[in-house]
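Questions regarding the structure given below will be posed in turn.
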Amino acid sequence: MRNEHQPTGYSAAQILLHWLIALLVLFQVSFGEDIAPAYRAMRRDETAGADDLFNADLHIYTGLAILALACLRLAIRLIRGAPPAPESEGILLRWVAAAVHLVLYAVIFLMPVTGILAWYLGVGPAGEIHELGKAVIIIALALHVAGALWQHFIAKSDALVRMLRPGTRGAGHTGAG
Ligand code: HEM
Ligand code: HEM
């Protein structure tokens, strides 16, 4: 069900932020372990090599960029809202999709925060939570991507297309919102 103020699609900014963050998160998950040697050296009060420090900087600044983009994304989400679940989607899948979205939103805030706590403030348990985050991301993303493909190819809803093409702001409006 869609209320009067709920948009019928995502805006261009929401779509751009979704894919930009997705790209950066995939990079972090693929190369996250590259920061481990510098982190280990730091924890042992040793000096890390130039290559290890470069890898650490790359991971940290990419992570901080994700945090900044996530703040912008959440602000737009709260102000503008998001389109309702596809009409054809049953209550159970709707619930799963909403839960997975919530986990993914949590990931783009909690991964940078636990990373900052571990790296800059030496909070060991934060580093452990950060490492566990990798499995959480992989599981959530597997469900998320499977859901997107299911919606597109099997349920034949517009869920994937509306994350590629900007939609309208609300009832009676046209153009990118
Ligand atoms: C690379 C593969 C990905 C695909 C194919 C994909 C696809 C999609 C699609 C189609 C939607 C729209 C769902 C709808 O209209 O109801 C969506 C929403 C969403 N995606 Fe992704 N996504 C991907 C990666 C990611 C990543 C890496 C994250 C974050 C870590 C993410 C977080 C989200 C969130 C939070 C929403 C809900 C947006 C909202 O309603 O505010 N996605 N995704
Ligand atoms: C969304 C953003 C981020 C993602 C998705 C991410 C992801 C990852 C992944 C997958 C690992 C490898 C875990 C493993 O060894 O199994 C990792 C390690 C690490 N990351 Fe991040 N990271 C992010 C942001 C940050 C930030 C901003 C910082 C620091 C300011 C940071 C600091 C670290 C540290 C210190 C480790 C090593 C932890 C350890 O070996 O115990 N990360 N990260």
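List the number of the failed condition for V136; all other conditions in (1) near ligand 1 (Cβ under 8 Å from one of its atoms); (2) under 14 Å from the mean Cα position of the chain (by Cα) hold.
Going through (1) near ligand 1 (Cβ under 8 Å from one of its atoms); (2) under 14 Å from the mean Cα position of the chain (by Cα) one by one, V136 breaks only (1).
Filtering region 35-64 down to residues that are part of a helix (DSSP H, G or I) and among the acidic types (D, E), which residue is nearest to L23 (Cα to Cα)?
Here the residue is D57.
If you scan region 1-44, which residues turn out to be touching a residue at least 40 places away in the same chain (Cβ under 8 Å), among the basic types (K, R) and closer than 20 Å to E128 by Cβ?
Within region 1-44, R43 is the sole residue that qualifies.
A further question follows. So which residues in region 29-77 are of a type in the set (F, W, Y) and more than 30 Å from L102 (Cα to Cα)?
F54, the sole residue that qualifies.
On the given criteria, is L110 under 20 Å from A22 (Cβ atoms), near ligand 2 (Cβ under 10 Å from one of its atoms) and surrounded by 12 or more Cβ atoms within 10 Å (Cβ to Cβ)?
On the way: under 20 Å from A22 (Cβ atoms): yes; near ligand 2 (Cβ under 10 Å from one of its atoms): yes; surrounded by 12 or more Cβ atoms within 10 Å (Cβ to Cβ): yes.
For L110, the condition - under 20 Å from A22 (Cβ atoms), near ligand 2 (Cβ under 10 Å from one of its atoms) and surrounded by 12 or more Cβ atoms within 10 Å (Cβ to Cβ) - is met.
So, in region 65-114, how many residues would count as being within 16 Å of L26 (Cα to Cα) and either touching a Leu at 6+ places or on another chain (Cβ under 8 Å) or not in a helix (DSSP H, G or I) (or both)?
Here the count works out to 8.
Related question: Of all residues in region 65-95, which are within 15 Å of W19 (Cα to Cα) and of a type in the set (G, A, S)?
Correct list: A65, A68, A70.
Sticking with this one: Tell me, yes or no, whether region 8-25 has at least one residue that is modelled with pLDDT under 95, surrounded by fewer than 17 Cβ atoms within 10 Å (Cβ to Cβ) and under 18 Å from L164 (Cβ atoms).
yes
A follow-up question, please. Name every residue in region 115-125 that is outside any helix (DSSP H, G or I) and free of Cβ contacts under 8 Å to residues at least 24 places away in the same chain, in order of residue number.
V123
With the checklist (1) farther than 21 Å from P125 by Cβ; (2) more than 16 Å from ligand 1 (Cβ to nearest atom); (3) buried (at least 16 other Cβ atoms within 10 Å of the Cβ) in hand, flag the one item E46 doesn't pass.
(3)
Somewhere in region 73-86, is a residue more than 17 Å from the chain's Cα centre (by Cα), among the small types (G, A, S) and closer than 20 Å to Q14 by Cβ? Steps first, please.
Taking region 73-86 as the starting set, the residues that turn out to be more than 17 Å from the chain's Cα centre (by Cα) are 79-80, 83-86.
Imposing the further condition that a residue be among the small types (G, A, S) reduces the set to 85.
Subset that is closer than 20 Å to Q14 by Cβ: 85.
Within region 73-86, one or more residues are more than 17 Å from the chain's Cα centre (by Cα), among the small types (G, A, S) and closer than 20 Å to Q14 by Cβ.
Which of the residues spanning region 66-99 are within 16 Å of ligand 2 (Cβ to nearest atom) and surrounded by 15 or more Cβ atoms within 10 Å (Cβ to Cβ)?
I66, L67, L69, A70, R73
Another question about this same structure. Report the residue count in region 148-167 for those that are near ligand 1 (Cβ under 8 Å from one of its atoms) and small (G, A, S).
Number of matching residues: 2.
The values are calculated or read from the model by the stated rules, or taken from the named source; none is laboratory data. Just so it is clear, the structure is predicted and the values come from calculations on it, not from any experiment. Virtual Cβ from ideal backbone geometry, glycine too; neighbours counted across all protein chains shown.
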